[in-house]
Amino acid sequence: MSKPTPISGFPEWLPAQRMIEQNVIEKIRATFELYGFAPLETRAVEPMDQLLRKGETSKEVYVLRRLQEDPATGGGDDALGLHFDLTVPFARFVLENSGKLQFPFRRYQIQKVWRGERPQEGRYREFLQADIDVVDRDTLPFHYDTEMPLVIGDAFRSLPIPPATILVNNRKVCEGFYTGLGLGDPDQVLRTVDKLDKIGPDKVAALLVETAGATDAQAAACLRLAEISAQDASFVDAVRALGVEDPLLDEGLDELVRVVDAAAEHAPGLVRAELKIARGLDYYTGTVYETQLRGYERFGSICSGGRYENLASSGNERFPGVGISIGVSRMLGLLFGHDALTISRSVPTCVLVALPNEDLRGRCDRIAQALRSRRISTEVAPSAAKFGKQIRFAERRGIPYVWFPGADGEPDTIKDIRSGEQVEADAGAWTPPAGDLVPVVGAGG
């Protein structure tokens, strides 16, 4: 068999990177549960009509079908696609199980998703997301919008990553402003302004004239709104100075102030109002979030979400919600690519039991089992060899301790191969320092 060619966009981390990922997932999960979010996992596939209900996503959805299936005969429940985010399947889950859930319903999901994007640094076609959402029946109090950044801020502070800034906006601000300007298709304006970072202000202005029917003056006003940025409520005065009035604009500004003020009290510097943020998915109706890591701003958002009123609705039933999603693979891919995360060893093993000769393997196995019974990760040397060679085997893998079975009635000893210190030890009582028990994740150089 020839050497396989990697498939771009489907990351496969090395063991040390995978351990970092698991550590990050565990800390995110713990933070979510501290805030009372319950775990959930939904299926990987959804009906195509469900996936394509909201937003410009048709080009990104992977279709699922059997190899021998004739696509022309597909349809109905057989037309399945892999989910491209976790919000759409969550909304479907809520509708199917509303009679079994207690509202407001708080859940977290940490799962893979699939999106047919062009692979590039930090962007993949298969990636892990960590989502939280709160939904309620009929109406959802706005204070949940203010809570989302606080949860994410606490999760990020538990990780050895650069400081994060959560950029917030409110679609009501934008839509009300565009309506007050006299633009008749605010959704099209939103979609166009959302391209600002990708194509720049000149091309956005031209597109507003071409696709949204804006005059040059209206396009210029939209760009001036998008330039407004503040870490406090001063953005309100900046918007008012543009001279546009609309009731929806007023409502959006009031809500955005509440989000910014709540974050400033909980974690000063965490949140910044950024009025160019729109988010590309059409199901968002109010608050929207994007998140940047300091030093990695050019790569865009690694955590995003927002408020949705009508995504989970059927007939007279409506379950408005608000949620935010950490792009775990995206964040880690960027940090791995810049050697910004380290781990103290490349294996979970804390202790290597040296093997004097094959006749003593049973005894060494019993030592290892005694250590494992007390949750100390241990392995026995793969083969009998000179102790120096076995120590070098441990060094190459970052294992900090080597256990030497005592000979001829002598006590066992354990050696810290970093310091060279070697002491007598009992497998039923010896415990390593807390910092050595499991691999430690830290920030890279």
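Of ALA427, ALA312, ALA30, which has the largest mean-square fluctuation in a 10 Å C-alpha GNM of the chain?
Most flexible of the set in this elastic network: ALA427.
Any chance you could look up the accessible area of ASP202 with a 1.4 Å probe, heavy atoms only, rounded to 10 Å²?
Result for ASP202: roughly 130 Å² accessible.
With a 1.4 Å probe and every protein chain left in place, tell me how much accessible area TYR124 has, in Å² to the nearest 10.
About 40 Å², ignoring ligands and nucleic acids.
Would you kindly find the accessible area of HIS338, with a 1.4 Å probe and non-protein molecules such as ligands, DNA and RNA excluded, rounding to the nearest 10 Å²?
70 Å²
What would the Debye equation give as log₁₀ I(q)/I(0) for region 342-383 at q = 0.14, 0.16, 0.18, 0.30 Å⁻¹, counting only Cα atoms as equal point scatterers?
-0.33, -0.42, -0.51, -1.01
Within region 396-412, what residues put their amide N at less than 18 Å from the label point 7 Å along the Cα-to-Cβ vector of ARG18?
397-399
Given the pairs LYS59/LYS195; LYS172/LYS203; LYS59/LYS112; LYS172/LYS195; LYS195/LYS276, which span a C-alpha to C-alpha distance of over 21 angstrom in this model?
LYS172/LYS203, as the Cα separations exceed 21 Å there.
Using only alpha carbon pairs under 8 Å that are at least six residues apart, calculate the relative contact order of region 140-238 and give it in whole percent.
Relative contact order here is 17 percent.
What angle, in degrees between 0 and 90 and rounded to the nearest 10, separates the Cα long axis of helix 387-397 from the longest principal axis of the Cα atoms of the chain?
The two axes meet at around 0 degrees.
Starting with the highest mean, order 364-371, 93-100 by the number of other Cβ atoms within 10 Å, averaged over the residues of each peptide.
Highest-to-lowest ranking by the protection proxy: 364-371, 93-100.
So how far, in whole Å, is the C-alpha centre of region 370-445 from the one of region 75-152?
If you average the Cα positions of each part, the centres end up 44 Å apart.
Measure nothing but the geometry: give the 0 to 90° angle between the long axis through the Cα atoms of 328-337 and the longest principal axis through the Cα atoms of the chain, rounded to 10°.
Once rounded, the angle reads 60 degrees.
Normalised by the residues of region 243-374, what does the relative contact order come to in percent, with Cα pairs under 8 Å and at least six apart?
It rounds to 12 percent for region 243-374.
Can you tell me what percent of all Cα-Cα pairs in region 106-188 are more than 19 Å apart?
So the portion of pairs separated by more than 19 Å is 64 percent.
Using alpha carbon centroids, what distance separates region 215-251 and region 284-319, in Å?
Region 215-251 and region 284-319 have Cα centres spaced 21 Å from each other.
Can you tell me, using C-alpha contacts under 8 Å and at least 6 residues apart, the relative contact order of region 303-445 as a whole percent?
The value is 25 percent.
Report the Rg/Rh value for the chain, based on alpha-carbon coordinates and the Kirkwood definition of Rh.
Value, to two decimals: 1.08.
The values are calculated or read from the model by the stated rules, or taken from the named source; none is laboratory data. All values derive from a computational prediction rather than experimental measurement. Heads up, the Cβs are rebuilt from the backbone with ideal geometry, glycines too, and the neighbour counts pull from every protein chain shown. Areas reflect the complete protein model, heavy atoms only, side chains present, ligands, DNA and RNA absent. Shrake-Rupley method; radii C 1.70, N 1.55, O 1.52, S 1.80 Å.
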